[in-house]
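The structure under discussion appears below in the form of structure tokens.
We did not get these values from a lab; they are worked out from the coordinates using the rules stated. Treat the numbers as computed from the prediction; the structure is a model and nothing was measured. A quick note on method: Cβ atoms are made from the backbone with ideal geometry, for glycine too, and the neighbour counts reach across all protein chains shown.
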Amino acid sequence: MKVKFKYITLIFVLLAVQAGAQGIITGTVKSMEGEPLVEVEVFLQNTAYITSTDRKGRFELNDIPYGTYTLAAFSMGKATLSKEVNLTEENKVVNVDFELTDLAAELDNVTIKSQREETTGIRRLQAVEGTAIYEAKKNEVIELRDITANLAVNNSRQVYAKVPGLNIWESDGAGLQLGIGARGLDPSRTANFNVRQNGYDISADALGYPESYYTPATEAVERIEVVRGAASLQYGTQFGGLLNFVMKEGPEDKKIEAITRNTVGSYGFFSTFNSLGGTVGKWNYYTFFQYKRGEGWRENSSFDSKMAYGALKYEASDRFSVKFEYTFMDYLAQQPGGLTDQFFLEDPRQSIRGRNWFQVNWNLFANTIDYRINDRLKLNVRTFALIGGRDALGNLGRIDRTDELEKERNLFSDEFHNIGNETRLIYNYHIGKRQAVALVGARYYNGFTDRKQGLADATSEPHFTFLNPDNLEDSDFDLPSENISIFTENIFDITDKFSVTPGVRFEHIYTGADGYYQKSTFVKDPVTGFKKDSTYQEYESRERSRSFVFFGLGLSYKLKHKEVYANFSQNYKSINFNDIRVVNPNLVVDPNIKDEFGYNFDLGIRGSKPGKFNYDISVFYLRYNDRISAIQKKDTVNFRVYRYRGNISDAYSTGLEAFGELELFNALGVDSQNSLNLFVNTSVIDARYLQSDEEAIEGNKVELVPPFSVRTGLSFIHNDFKVTYQYSYVQKHFTDATNADDMVPGAVSGPIPTYYVMDLSASYRYKFAKLEASVNNITDNKYFTRRASGYPGPGIIPADGRTFYLTLELKF
């Protein structure tokens, strides 16, 4: 497969050199004063054709198939302009000149109104962006600069309010970790999405342990890209799709810019975020440091977090750039543990675990190379690595039993060492008079996890040290993984409005486990004749290697201000390390557990008109075969209730996801310099288990799927003042496949009752200063979104009550 990929790459390069020329677009970009503008981005919308102006403000795009296009010129600090261009046999060479005006006042106070930058705070990805194809795929782009929300604590309820169909876990009031799922996918640490930062992986192990212990500081994020359904063709086997955090870069028009944001809030919350960025010659840099601490809304929920990031980019020319990045995160958090239903009703702020702690250390390294070989061919190479670890310390026993203070605690320790590379080549060509875009890519990923479980001391302090490191009481495993992928997609324009995008991906996956775990058995004492407990080390070595190919197809029909789209993609999800070997008193794993497979289907219509409206309405069908889940069982020997994890059934999830946003003043015909935006985001989902060997679940509802949810909000903008009100409503749903609806002693199973929550945020900017304020959960509702079987539980994890925050930002 590697040889074939090499030949495909060579063919693409030769085609780029030998292809016959078609139309040519030339021109200049100048300021209103007539001065040439350097490094202005000039591109044909919805294509891969892009270039930059030289030192005299000139640009040229070659080998363009005949047709009608929209040519745009974009430069930071300037108003974006676009013009229609028509290339024909009689009009092969077209000259287009632009004069760009300055944006008034500070850039943060002005929204660029173009197809690339909408005023709604959420937009859609272009058919082609960079070296990726998004044609016909369901996607959303969250522009953080347009959101009035509590960014200091990464409030996901507010940040992702305009993305339909998400189930959001609100079990971390400090915003240290993100938990979102969609269409029946477990939200735990966003493990069912392929989570990336600037296009490279940031999770613990993308295949063996795809949980995200690191979440980028929202204050440093430029935008968040969410791609679902057919995202599996370019980003791998996760059913959920892609979640990509695009970090800020230094301003191009300043040598240095400094920003400091300081936030204080309820329950001892304090955060300071400080960044530096700018451009010096051909070098662009951006760096930040964030520190935050707090006591938490519940007892025993203090935290202390440090995060840093540095990026250095060298633009050798308008065709070649190289970027280096380093990300650091280190935090310590006390875990208050879960609650039973009765404890939650009595006082959701209480905690009966005072000795549980959690710490994470994350070090991410990345190198990105972009090379525009010519106006039709681009190369992108991403190399990345992770050195990190997480430690969970405390009592994982049933939450309805008190913590024996003199008893040793359990320590779960993971170390991660991963490295990977993803290389992409995108080629814009034509078939007859129709344009086409081809993408081919390859990925190699090698992960290694060292997982240990044993006893730690009996104190209440965060001492993450094993009592017997050479002879652990639970287990010690090396967990390697390897992934080799080759993928390709191609956009074929059948007509000016209709396109077809087929794709195929080859995957080779290897996961293994090598180590020991402690096994107990009862043996007869030869002296007394009584049975006694005997513990010994059981050594185990497992390997699972599999290769497969899956396919997808996208269809897009574009009209003025709207698009009808459909996509279908096969999908596959490998078992992870927790499914191979885990020692948890609340969970038993089927030793014969196997991978899941299925497919995604989306059909929808979306459209937008900058400054007026934006909508996306779609139906979907998601099929899981051999779905992995946990069900509640009873141990009649030891008289306990536990969760059993395995391939319990085939299942499906289908429904409607809808988002709409409207600028009310414009819609009502009110002539106003102010802005009043209303958005509504709703989903109606039915998810069911099909035939199963477990009679107790056949026909049941799939867990973690709210049948109905709605998030809506109203934003008012007057000059430099903004205020946003948001309302969220989530209907009752279940947490396990048996649809347990009664109170269970350990509280790891049972329903999530219907809840609603409201938030209010406001900001005001005056010259270089900005003041922000927010009230989360205005009505102080007592609710929860999660029942945990392990950390940070077990049991009910309450969401935070009413909290207040105040932020002062200074920009120099």
For every helix of n ≥ 4 consecutive DSSP H residues, a contribution of -39,500 (n - 2.57) applies; sum these over the chain, divide by its total residues, and give [θ] at 222 nm rounded to the nearest 500 deg cm²/dmol. -1000 deg cm²/dmol
What list of whole percents do you get for P(r) of region 616-743, with Cα-Cα distances grouped in 10 Å bins up to the one holding the largest distance? 11, 29, 23, 16, 12, 7, 2, 0
Which distance in Å, rounded to a whole number, links the C-alpha centroids of region 734-803 and region 657-714? 18
Region 328-341 - phi-based ³J(HN,Hα) in whole Hz, Karplus 6.51/-1.76/1.60, Gly and Pro as x: 10, 9, 8, 8, 10, 9, 7, 9, x, x, x, 9, 6, 4
Tell me the relative contact order for region 132-213 as a rounded percent, counting alpha carbon contacts under 8 Å between residues six or more apart. 18
Tell me, how many Å apart are the Cα centres for region 155-209 and for region 213-239? 8
Apply the Karplus curve 6.51 cos²θ - 1.76 cosθ + 1.60, θ = phi - 60°, to the phi angles in region 45-52 and return the couplings in whole Hz, x for Gly and Pro. 4, 6, 9, 9, 6, 7, 8, 9
Positive end of the dipole of the chain, charges at C-beta (+1 Lys, Arg; -1 Asp, Glu), about the Cα centre: which of L332, W297, G646 has its Cα farthest in that direction? G646
How many Å³ per residue does the convex hull of the Cα positions in region 244-296 occupy? 85
Sorted by chain and then number, the residues having a modelled amide H within less than 5 Å of the amide H of N154, at least 5 places away or on another chain, are T218
On Cα atoms only, tilt of 2-18 relative to the major axis of the chain in degrees: 10
Counting DSSP beta bridges in the chain, what percent are antiparallel, to the nearest 5? 95
With +1 at each Lys and Arg Cβ and -1 at each Asp and Glu Cβ, the charge dipole magnitude of region 199-348 around its Cα centre, to the nearest 20 debye, comes out at 600
Applied in sequence order to region 498-507, the curve 6.51 cos²θ - 1.76 cosθ + 1.60 (Karplus, θ = phi - 60°) yields integer Hz couplings, x standing for Gly and Pro, of 10, 10, 10, 10, x, x, 8, 9, 9, 10
What residues qualify as long-range amide H neighbours of D205, i.e. H under 5 Å apart, gap of 5 or more or another chain, H built at 1.01 Å from N? E211
Separation in nanometres of the label points that stand 7 Å from Cα toward Cβ, at E695 and S460: 5.0
Label-point gap, in nm, between I605 and D318 - each point 7 angstrom along Cα→Cβ: 4.1
If amide hydrogens are placed 1.01 Å from N in the peptide plane, which non-local residues have theirs closer than 5 Å to the one on D595? I575
Rounded to whole Å and sorted largest first, what semi-axes of the equivalent ellipsoid does the C-alpha gyration tensor of region 649-695 yield via the square root of 5 times each eigenvalue? 45, 7, 5
Over 30 Å between alpha carbons, listed pairs K306/K811; K560/K701; K255/K558; K519/K594; K255/K767: K560/K701; K255/K558
Report the relative contact order of region 243-811, percent, no decimals, based on alpha-carbon pairs under 8 angstrom and at least 6 residues apart. 9
So for the chain, what are the equivalent ellipsoid semi-axes in whole Å, largest first, each being the square root of 5 times an eigenvalue of the Cα gyration tensor? 46, 30, 25
Per the Kirkwood treatment, what hydrodynamic radius in Å, one decimal, follows for region 678-812 from the mean inverse distance over all distinct Cα pairs? 17.7
Please report how far the C-alpha centroid of region 424-446 lies from that of region 299-322, rounded to the nearest whole angstrom. 29
